[in-house]
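Down below is the structure, laid out as structure tokens.
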Amino acid sequence: MSEYENSLLGGKVRLLQKLDGYRTAIDPILLAASVPAKAGEMVLDLGCGVGAVSLCLHARVSGLTVLGLDVQKPLVDLARRNSALNNCCDDVRFLDGDLLTPPADIPSGRFDHVMANPPYLAANSGNPSSNAAKALANVEGKAVLVDWVRAAHRALKPGGNITFIYRADRIEHLLVALHGGFGELVIFPLWPARGKDAKRVIVAARKGVASPARISPGLALHNDDGSFSGKAQGILNNAEALSIS
């Protein structure tokens, strides 16, 4: 069997995944929890993979229109099946295509929110997986980080929100890419535990807004004994929102 099914958000989302590909961890769940979307709004999920972020957001906020885009057609095919599995095909759709030349179904300047979990590693760096799907999920391809930001900027309405989850030790690259096109920037560290350096950050900003940046207190994911903190458990198991503002 090349696929298996598991559940997210305490069973609120069913998710088919490839046995030999990228596996959904907690980053997509945290990203979906942090997007401040409201009923009636449009959301774009760049690099949607099998649809975990889109489906987790839809489970938390009803009445959204969500479009996902990914360059890997086999993953998009699985994302479509996941949308059907969760009975949300009318609200959540997935498209295969390249963010460098997005399909016509993704109009410019129409989205209220863009969310993304882009590859964390620069091209030709690290030791990429021999599995092509895992490598594309973790290492930049033709589209580098600035291209992801430009694609988000192009898709958003004026004043629309961008929300990325990214590696803390590469945050300077993301801040440079956001400069000039986005403001009201919030950096939200995800601490593994109290007293530990953050390995991930959530970065949010608004298109065409000139307000200054700030660093949020962030969230400690684990208690001292290694168990998830109360807030992290609420996000991961109960689809609670993560307010980063």
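What follows is calculated from the coordinates using simple rules that are stated; it is not laboratory data. The structure displayed is predicted, hence computed values, not measured ones. Cβ atoms come from the backbone with ideal geometry, glycine included; neighbour counts cover every protein chain shown.
The table below lists the values:
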{"read-out": "Calculated over the chain: convex hull of Cα atoms, volume per residue (Å³)", "value": "124 Å³"}
{"read-out": "Rounded to whole Hz, the Karplus (6.51, -1.76, 1.60) HN-Hα couplings of segment 41-50, x for glycine and proline", "value": "8, 10, 10, 10, 9, 7, x, 6, x, 8"}
{"read-out": "Cα gyration tensor shape for segment 141-217, rounded if a/c is under 1.5, else prolate or oblate", "value": "oblate"}
{"read-out": "Two-site label geometry, Ser211 and Gln233: point separation in nm, points 7 Å out along Cα→Cβ", "value": "3.3 nm"}
{"read-out": "Cβ-based charge dipole, the chain, positive-most Cα from Ser245, Ile26, Val66", "value": "Ser245"}
{"read-out": "Cα→Cβ-extended label distance, 7 Å offset, between Arg150 and Ala84, nm", "value": "3.6 nm"}
{"read-out": "Dipole axis of the chain (+1 Lys, Arg; -1 Asp, Glu on Cβ), positive-most option in Leu219, Leu100, Asn117", "value": "Leu219"}
{"read-out": "Nearest-20 debye value, the chain charge dipole, Cβ charges on Lys, Arg, Asp, Glu", "value": "280 debye"}
{"read-out": "Length released on extending from Ala39 to Asn6, taking residue separation times 0.36 nm less the Cα-Cα span", "value": "9.2 nm"}
{"read-out": "Computed lengthening from Leu19 to Lys196, 0.36 nm per intervening residue step minus Cα-Cα distance", "value": "60.5 nm"}
{"read-out": "CD proxy at 222 nm, helix term only [per DSSP H run n ≥ 4: -39500 (n - 2.57); per residue of the chain; nearest 500]", "value": "-7500 deg cm²/dmol"}
{"read-out": "Cross-link reach list, lysines versus Lys196, counting only Cα pairs under 25 Å and skipping chain neighbours closer than eight places", "value": "Lys231"}
{"read-out": "Inter-label distance, nm, simple model (7 Å from Cα along the C-beta direction), Arg167/Lys73", "value": "3.1 nm"}
{"read-out": "DSSP-defined beta bridges in segment 3-238 - what % are antiparallel, rounded to 5", "value": "45 percent"}
{"read-out": "Set of aspartates and glutamates with alpha-carbon distance to Lys142 below 15 Å, sequence-local pairs under 8 removed", "value": "Asp70, Asp98"}
